Amino acid sequence: MRNIGISAHIDSGKTTLTERILYYTNKIHAIHEVRGKDGVGATMDSMELEKERGITISSASTNVEWKKHSINIIDTPGHVDFTVEVERSLRVLDGAILVLCSVGGVQSQSITVDRQMTRYKVPRLAFVNKCDRMGADPEKVTNQLRDKLNHNAVMMQIPIGLEADHEGVIDLIRMKAYYFDGDEGNHVREEDIPAGYLDKTLEKRDILLDNVSMFSDELMEAYLEDNVNQDLVYDAVRKGTLSLELTPVFLGSAFKNKGVQPLLDAIVRYLPSPDEVENTAFDLDKDEAQVVLKTEPDLPLVLLAFKLDDTRFGQLTYVRIYQGRLKKGDEITNMRTGKKVRVGRLIRMQASEMEDIVSADPGDIVAMFGIDCASGDTFTSGRINYSMASMYVASPVISLSLKPVDNKSAENMAKALNRFCKEDPTFQTYVDPETNDTIIRGMGELHLDVYVERMKREYNVAAETGAPQVAYRESISVPSSFDYIHKKQTGGAGQYARIGGKIEPFHEGDFEFIDEIKGGAIPTEYIPSCKKGFEVCLDKGSLIGFPIVGVKVTINDGNYHPVDSSDMAFKTAAIAAFRQVYNKCRPIILEPIMRVSVESPSEFQGAVLATINQRRGIVHSATEDRTFIVIDAEVPLKEMFGYSTVLRSATQGKAEFTMEFSRYAKVPESISEALKKEYAENQKKS
């Protein structure tokens, strides 16, 4: 069995590649294109919005069989706004294919996806796609893998012709040429290497063997004796790939049906099966000690819910089984809530199609119906008390206000928001206590735009949207000390608490609390209340009403009364102390800075740089590659609203850009004053 994901930059051909894999493994009997004229759309893009826009919004799972190996495949979105879909998929996968465009090479989102794969220690193969396009250069892309991503990238194949002349590939291990005949490339023809390619093939094979022999002493010996056995090379490549020290590079053109079958062979040959990957859980009975899970069906069950989907039959929960066997009718326990649930229906997904199954074994990726849970919940058989680490979830950076136009829409909007928040941890919602508006928060304009559109289509919600709002933060710039006494006497037991210490900027995180109380000046049981008081203040700053970050609070002095002191008194004292000292710390406003990458024809370089400079952007690099230029810059999120329209008109619609959150930085003084003034006026109105 193999569990793999297909990830890449936007428009590198992930969904097209998945479509070809489904066709060659006889899962589908006709190929449909992502932007096809037949109006059907790719099999894995089942949502109407995906078909219309020609992008993947939600990751889709399918299962295929290739040469007696079961392969679970998850096709993930390329757009950075839907990055949680990639995170949740990589969390449960054992291997991945990093798809790269042979013209664009390693692009901004390729770097993000690669970082996500590294975070979860996922072994990967690289597939250089679109070798039939003008300007295709797989060698350049392989060098970029080494230079930009620090991969030990080694070409396993070389192309037979490029651009319009791309005919097939030469396998450097088997020393054979492969051509893909038939209308859909379903007939693979093996031939001897064409005479004109022999010298280059031998040269590239030497580079391959030189790199791969580092992973096998036996191969090294055979290489030196010029007696190389292809099985030795396969074993060495597999060893290097599984240790994340080698990235085998394969070539082809998914759209032109070339190179997909050798890639399927490579998935089976080089990527790990579930029992070759070490997965761990935390034993809650033993102070969260780490335990290694074993892919054995007879052991107690452990599975992780990694994706939720709302269907007409109810909630569909995608799960990965790590240990034990899951059977229809089993009673399983949600480790977060402690609730026991019965598995009524077990499904194997084929994109949007469902296949009922009776049981699933360790390593399987399946789905269950009617299980109420959240994304990232661990389920067990109830005999063990294990919990698994969930995935990394980035914080939303942009928000939008929503106002339903009537009561019917308000009801439907509540249902839609409830579902979307459950499905997507990067999508959040709350009600603004001052304006009473519903606020939705997400990773970018496209992210929120897609959810608003889905509300209209799937829930008939008629809603007015406000201007997008940036997720600002407040912080402090200088340290200051405090000494505050909270006294209240109202007959009977009063309230008394004294608290002293200092507040200073903290650059390593959002908040740190340090207890330096000596000699029992404040009893130990009241210290958590002090901390809680300071944490309450961080929820909303006084400058513009946004959360406060980057604060270190140290308490080193205080006093208490044996009768009048209480948890509430010390919490109140901490709140008052913070509010009293906050303005002395010269508070500042921070804004999210986005990492922006613009790809444009070189002729528009000046126009693109002008659009970035007008938006307070800082250009870090501009890399020209033949007729294209890639500009990497950092731009405040506030300035990026509507940028896609401006960029299109500046480049005749020929440029595209991606952006992702980079860091928070201080807002310029003029903007800071305007934000404070706007906040003060809103406060007066409310």
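The values are calculated or read from the model by the stated rules, or taken from the named source; none is laboratory data. What you are looking at is a predicted structure, and each value in this text was computed from that prediction instead of being measured. In this analysis, Cβ positions are derived from the backbone assuming ideal geometry, glycine residues included, and neighbour counts consider all displayed protein chains.
Within segment 325-344, the presence of a residue that is at pLDDT below 85, assigned by TED's automatic domain parsing to the domain that holds Ala367, surrounded by fewer than 21 Cβ atoms within 10 Å (Cβ to Cβ) and part of a strand (DSSP E or B) is excluded. Across segment 440-468, the qualifying residues are those that are assigned to a strand (DSSP E or B) and out of contact with any Leu (no Cβ under 7 Å at 6 or more places or on another chain), and the one among them that is farthest from Phe506 (Cα to Cα) is Glu464. Inspection of segment 615-632 finds a residue satisfying the criterion of being at pLDDT 90 or above, surrounded by fewer than 21 Cβ atoms within 10 Å (Cβ to Cβ) and closer than 25 Å to Ala136 by Cα.
Counting only residues that are small (Gly, Ala, Ser) and buried (at least 20 other Cβ atoms within 10 Å of the Cβ), which one in segment 530-551 is farthest from Ser565 (Cα to Cα)? The selected residue is Gly550. Selection of segment 153-174 for residues being closer than 27 Å to Asn3 by Cβ, surrounded by 17 or more Cβ atoms within 10 Å (Cβ to Cβ) and of a type outside the set (Asp, Glu) yields Ala153, Val154, Met155, Met156, Gln157, Val169, Ile173. I'd like the full set of residues that are more than 25 Å from Glu474 (Cα to Cα) and in contact with a helix residue (DSSP H, G or I) (Cβ under 6 Å, 6 or more places away or on another chain), limited to segment 529-578. Correct list: Asp567 only. Summed over segment 408-436, residues that are more than 27 Å from Asp377 (Cα to Cα), at pLDDT below 85 and either out of contact with any helix residue (DSSP H, G or I) (no Cβ under 9 Å at 6 or more places or on another chain) or not assigned by TED's automatic domain parsing to the domain that holds Gly466 (or both) total 3. Assess whether Ser409 counts as being polar (S, T, N, Q) and either surrounded by 18 or more Cβ atoms within 10 Å (Cβ to Cβ) or in contact (Cβ under 8 Å) with a residue 60 or more places away in the chain (or both). Criteria met by Ser409. Contact map, segment 113-137: first residue small (Gly, Ala, Ser), second residue crowded, with 24+ Cβ neighbours inside 10 Å and assigned to a loop (DSSP other than H, G, I, E, B), Cβ cut-off under 9 Å, separation 6 or more or different chains; pairs are Gly135/Ser102; Ala136/Ser102; Ala136/Lys130. Inside segment 561-593, can you point out the residues that are β-branched (Val, Ile, Thr) and under 30 Å from Glu660 (Cβ atoms)? Within segment 561-593, Ile588, Ile589, Ile593 qualify.
Among the residues of segment 265-311, those that are over 30 Å from Arg419 (Cα atoms) and in a helix (DSSP H, G or I) comprise Asp265, Ala266, Ile267, Val268, Arg269, Tyr270, Pro274, Asp275, Glu276, Asp285, Lys286.
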